[in-house]
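Some notes on the structure that comes next.
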Number of protein chains: 2
Amino acid sequence: MNPIQLFDAESSTYTYILAAPDSRDAVIIDPVDRNLERDLAHIERLGMRLTHVLETHAHADHVTSAGALRALTGAKACVPSGCGIPPAEVQLQDGDVIPFGGREHIAVIHTPGHTAGSMCYLWRGNLFSGDTLLVGGCGRTDFQGGSAEALYDSVSAKLFTLDDATRVWPGHDYKGQSVSSIGWERRHNARLANRSRADFVALMAALNLPRPKLMDVAVPANRNLGLAHSV
Amino acid sequence: MNPIQLFDAESSTYTYILAAPDSRDAVIIDPVDRNLERDLAHIERLGMRLTHVLETHAHADHVTSAGALRALTGAKACVPSGCGIPPAEVQLQDGDVIPFGGREHIAVIHTPGHTAGSMCYLWRGNLFSGDTLLVGGCGRTDFQGGSAEALYDSVSAKLFTLDDATRVWPGHDYKGQSVSSIGWERRHNARLANRSRADFVALMAALNLPRPKLMDVAVPANRNLGLAHSV
């Protein structure tokens, strides 16, 4: 039961649609503002009814369409409680379960590290890992309460302990890599596999990444569900 | 049971991996030569075993990696019998069924029009429509034995008669549209819905599209499963 994976070429962001097999209901994860029409077209063409919009965190590189999708479809906006997104009606906590489509359940896993509030979502053996765990890598940890120590602990304790066959659907990829598995990432992830916590922290501290160009626009916008920007 | 959808940004080609739910076996449809390593990485990361490589037709805009994948994995190359691809061991006919992964079956549907030999593949309610039916459109019909009349008849008689909920996974898209449904395309496809055969033929004749840049390289290469180019 794979999700439908959509791509934003400008920010290399993946958006996911999870379709309940026994109903018309569907959930979208991390939608991007400039793809609003495209994403709504998918909902329409597949005869789906959008019930929830989920964010994995307050993104620094693109603006969400969560607020616009909520206004246009009536879907509930569900966000990590620690991300400072007050307009969302559902403030998720670690261990929460989001029911949808009659018999579907999405498990909420708090994975601080990329940002303090970052969450991953687990549905039918599919992990939506946001920027916590990427294919062969991980998100940066140098802003928004990010912490290399926390990311290492989140991944080690909460993600690499999932079943090996769990499919990992990342929040971004820059090389056309769409999906991975927990087993492969635990054994081969270039940053996290076979590395001590101290080594990982040193590696992340040495990255010296540039500040995201859109950060000062995107983060405040995303804390308002993108409403200042997308409608 | 959605496929895994992979994208080639250079030619806007979609490649699909169909994973059997009850085994490690998998099938790939329309792989692109320059993505060979990427596609093999997906097979490896998900612990899959590639058993079949399928082509929907002899492409004019990119070169397949079918021959290379066959050499590297032992997968069988399966091609439409009318496409002139002699090195493939399985020459498919309309109505054939390709079994894989123990309990999976792919139905083969001959849909001449984009090219004389073009095939679509149907698996678990998912139609892999190649360049016969695109999201909101269709492939061109002006070379390789293409025929607007034949495409209209193929789509009307063999695709639009499938269940409305059948998901349509196209061979290309240029606007980030990943998937559609038979019901929506029958009602709303800009070229084919609510249009007579004569009107469609006139519309296609008036397109005056430029010759594909890679055609003289790609078609001969694809008739050799891409082997002259990708390995």
Where both partners of a DSSP beta bridge lie in the range A:5-103, what percent of those bridges are antiparallel, to the nearest 5? 45
Averaging over every viewing direction, what projected area does the convex hull of the Cα atoms of the range B:52-100 cover, in nm²? 3.5
Of all DSSP beta bridges in the range A:4-209, what percent run antiparallel (nearest 5)? 60
Inter-copy distances for B:Ala228, nm, shortest first, label points 7 Å along Cα→Cβ, are 5.9
Between B:Ser12 and B:Glu44, with labels modelled 7 Å along Cα→Cβ, what's the label distance in nm to one decimal, could you check? 3.2
Looking down the axis that turns B into A, which residue of B has the closest beta carbon, and how many Å out? B:Asn2, 2
Can you tell me the FRET efficiency between B:Asp216 and A:Glu37 if r is taken as the Cβ-Cβ distance and R0 is 41 Å, rounded to the nearest 0.05? 0.65
Loop-only chymotrypsin sites (Phe, Trp or Tyr not before Pro) in the range A:139-207, please: DSSP not H, G, I, E or B, and at most 11 other Cβ atoms within 10 Å. A:Tyr174
So if we plug the beta-carbon distance of B:Asn194 and B:Ala71 into 1/(1 + (r/R0)^6) with R0 = 60 Å, what FRET efficiency do we get, rounded to 0.05? 0.80
Measuring from label point to label point, each 7 Å out along Cα→Cβ, what is the A:Asp22 to A:Val97 span in nm? 1.3
Do any trypsin sites (Lys or Arg not before Pro) in the range B:88-153 lie in a DSSP loop with no more than 11 other beta carbon atoms within 10 Å, and if so, which? B:Arg103
Could you give P(r) for the range B:4-230, binned at 5 Å from zero, as whole percent values over all Cα-Cα pairs? 1, 7, 15, 20, 21, 17, 10, 5, 2, 0
Neighbour-count order for A:Trp169, A:Trp123, fewest beta carbons within 10 angstrom listed first: A:Trp123, A:Trp169
Restricted to pairs 8 or more residues apart or on different chains, the lysines in the protein assembly as shown with C-alpha atoms under 27 Å apart form a number of pairs equal to 9
Once the label point is placed 7 Å from Cα along Cβ, list for A:Arg34 the distances to the corresponding points in the other copies, in nm, shortest first. 2.1
Rounded to the nearest 500, what is the 222 nm mean residue ellipticity of the protein assembly as shown from helices alone, with -39500 (n - 2.57) per DSSP H run of 4+ residues and division by all residues? -6000 deg cm²/dmol
Expressed in Å to one decimal, the Kirkwood Rh of the protein assembly as shown from all distinct alpha-carbon pairs is 22.9
B:Asn2: net charge of surrounding residues, Cβ under 11 Å, Lys/Arg +1, Asp/Glu -1, itself excluded? +2
If one computes the Cα centroid of the range A:33-56 and of the range A:196-215, what distance in Å separates the two points? 33
Taking the number of other C-beta atoms within 10 Å as the exposure measure, put B:Leu69, B:Leu133, A:Leu227, A:Leu214 in order starting with the fewest. A:Leu214, A:Leu227, B:Leu69, B:Leu133
Between A:Arg124 and B:Val90, how many nm apart are label points set 7 Å from Cα along the C-beta direction? 2.5
Taking each label point as 7 Å beyond Cα in the direction of the beta carbon, state the distances from B:Glu89 to the same residue in the other copies, shortest first, in nm. 5.7
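Since every read-out is calculated from the coordinates, none of them should be taken as a lab result. Note that the structure is a prediction, hence the values are computed from the model and not measured. In this analysis, Cβ positions are derived from the backbone assuming ideal geometry, glycine residues included, and neighbour counts consider all displayed protein chains.
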